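Derivation of every value follows stated rules applied to the coordinates shown; laboratory data play no part. Keep in mind it's a predicted model, so treat the numbers as computed, not measured.
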Amino acid sequence: MYQQWLKHLECKVQEYFDTEFWDLVYKTYGVQDELDILSESVTQIIQPIEGMIILITKDFNNGKKS
């Protein structure tokens, strides 16, 4: 019983951290959901390290293509 309770607690804690992390990302960078990225005009894609992708949009360069 204790192990089940502990597993449940760990899941809830992870869920809390995941939610807080994505809320912070959305508030900081203005992304409301994953679909917003699909409607942007991406002019450049940078992958500095494995697992990280940076998308440069027209807005980044004041509408000028780099």
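Couple of notes before you dig in:
- Each residue of the range 42-56 was assigned a 3J(HN,Hα) from its phi angle through the Karplus expression (A = 6.51, B = -1.76, C = 1.60, θ = phi - 60°), giving 7, 9, 8, 10, 10, 10, x, 9, 4, x, 10, 10, 10, 10, 9 Hz with x at Gly and Pro.
- Each residue of the range 11-27 is assigned a 3J(HN,Hα), and the resulting list reads 5, 5, 5, 4, 4, 4, 5, 4, 4, 5, 4, 5, 4, 5, 4, 4, 5 Hz, derived from the Karplus form 6.51 cos²θ - 1.76 cosθ + 1.60 (θ = phi - 60°), x at Gly and Pro.
- Sequence-distant residues sharing a close amide H with residue 57 (under 5 Å, placed H): 43
- Straightening the chain between residue 19 and residue 41 buys 5.2 nm, computed as 0.36 nm per residue apart minus the Cα-Cα spacing.
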